[in-house]
């Protein structure tokens with residue numbers, strides 16, 4: 001067992017309390033010339049309580065430190081050895097010298113993964129926090145949900161064999177600065193269909209990017225097993241910026257189709273980062289509860305997409 005300074009101080013203060021209290025008790029029960037033993041017994045009790053209080057505080061601080069060190073995976077944060085692949089270096093990162101995450105950062109990482117898993121953001125299973133340590137440290141502290149999600153996508157650099165697709169099936173990320181080609185829009189529709197496809201149909205019928213800068217999307221929307229409705233979106237898009245007309249339209253149709261008994265019915269939510277937007281279909285929890293649990297670990301709060309105003313990127317003023 002590795003003795004930390006607080007553990008040592010706790011033992012010393014406890015022993016000191018016993019010694020001092022014992023001394024006063026000896027005086028109280030010893031020489032009769034000292035008079036009434038009551039004051040000395042009182043002093044013994046006061047000394048024992050005072051020393052014990054200080055000892056308990058050090059003991060509690062040691063337990064908190066120990067908990068931070070061992071939080072997350074069972075057995076602590078002992079990671080797998082990164083195989084040597086001949087000094088592979090990308091983007092200035094050297095797998096032989098991985099970045100380090102503080103004890104507080106590790107505890108926060110484990111907390112965020114637990115909250116996200118409980119909210120259903122990871123599927124088919126949650127990643128082990130220990131597998132994300134290097135990627136999260138590379139993203140920097142303080143540790144936030146955005147940093148953790150980005151780390152899931154990049155952890156394979158530090159952990160060969162790690163598969164992001166084993167954990168991100170319940171999430172979709174749409175970059176805010178990327179070419180909005182027809183194939184990009186098809187991919188966005190497919191992502192939304194994947195998130196809610198068990199209960200709600202989202203199908204792209206046609207897409208047309210006109211020379212005048214307008215984007216026309218033909219959608220087929222409706223509950224699985226129920227009537228489907230054709231919806232046409234016509235907006236002024238931008239060549240390299242994300243529009244949210246599609247997302248808000250699908251979220252609104254999904255919300256409108258919510259049955260009276262809505263237990264388990266998904267509702268689209270999103271949170272934005274400086275790179276784009278993370279989307280999820282929340283079931284059994286609310287954005288308010290999720291934001292409250294995450295606290296300062298969320299840079300941009302989760303919001304219901306159907307409550308947002310759609311943005312046509314082509315209508316936004318230039319820089």
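The values are calculated or read from the model by the stated rules, or taken from the named source; none is laboratory data. Remember, predicted model here, so these are calculated numbers, not experimental data. Here the Cβ is made from the backbone with ideal geometry for all residues, glycine too, and neighbour counts use every protein chain on show.
Where in segment 209-303 are the strands (runs of 3 or more DSSP E), entirely inside, with at least 3 residues that are within 30 Å of residue 151 (Cβ to Cβ), in contact with a helix residue (DSSP H, G or I) (Cβ under 6 Å, 6 or more places away or on another chain) and in contact (Cβ under 8 Å) with a residue 40 or more places away in the chain?
In segment 209-303, there are no strands (runs of 3 or more DSSP E) which contain 3 or more residues that are within 30 Å of residue 151 (Cβ to Cβ), in contact with a helix residue (DSSP H, G or I) (Cβ under 6 Å, 6 or more places away or on another chain) and in contact (Cβ under 8 Å) with a residue 40 or more places away in the chain.
Quick check: is even one residue across segment 106-122 part of a loop (DSSP other than H, G, I, E, B) and over 26 Å from residue 269 (Cα atoms)?
no
Considering every residue within segment 244-265, establish whether at least one is surrounded by 16 or more Cβ atoms within 10 Å (Cβ to Cβ) and over 18 Å from residue 281 (Cα atoms).
no
Got a number for residues in segment 101-156 being more than 23 Å from residue 286 (Cα to Cα) and touching a strand residue (DSSP E or B) at 6+ places or on another chain (Cβ under 7 Å)?
Adding up the residues that qualify gives 2.
Can you tell me which residues in segment 195-206 are surrounded by 14 or more Cβ atoms within 10 Å (Cβ to Cβ) and touching a strand residue (DSSP E or B) at 6+ places or on another chain (Cβ under 7 Å)?
195, 196, 199, 200, 201, 202, 203, 204
Please indicate, with yes or no, whether at least one residue in segment 161-169 is out of contact with any helix residue (DSSP H, G or I) (no Cβ under 7 Å at 6 or more places or on another chain), surrounded by 20 or more Cβ atoms within 10 Å (Cβ to Cβ), assigned to a loop (DSSP other than H, G, I, E, B) and touching a residue at least 12 places away in the same chain (Cβ under 8 Å).
No.
Return the residue satisfying two criteria in turn: it lies in segment 170-199 and is in a loop (DSSP other than H, G, I, E, B) and touching a helix residue (DSSP H, G or I) at 6+ places or on another chain (Cβ under 8 Å), and of such residues it is nearest to residue 313 (Cα to Cα).
Once the filter is applied, the top-ranked residue is 180.
Checking the conditions here, which among 278, 265, 272 is within 18 Å of residue 309 (Cα to Cα), assigned by TED's automatic domain parsing to the domain that holds residue 221 and out of contact with any strand residue (DSSP E or B) (no Cβ under 6 Å at 6 or more places or on another chain)?
272
Looking for whichever is surrounded by 16 or more Cβ atoms within 10 Å (Cβ to Cβ) and over 29 Å from residue 291 (Cα atoms) here; the options are 219, 181. Which one fits?
219
Of all residues being part of a loop (DSSP other than H, G, I, E, B) and in contact with a helix residue (DSSP H, G or I) (Cβ under 9 Å, 6 or more places away or on another chain) in segment 139-160, which is nearest to residue 118 (Cα to Cα)? Just the residue, please.
Per the stated criteria, the residue is 144.
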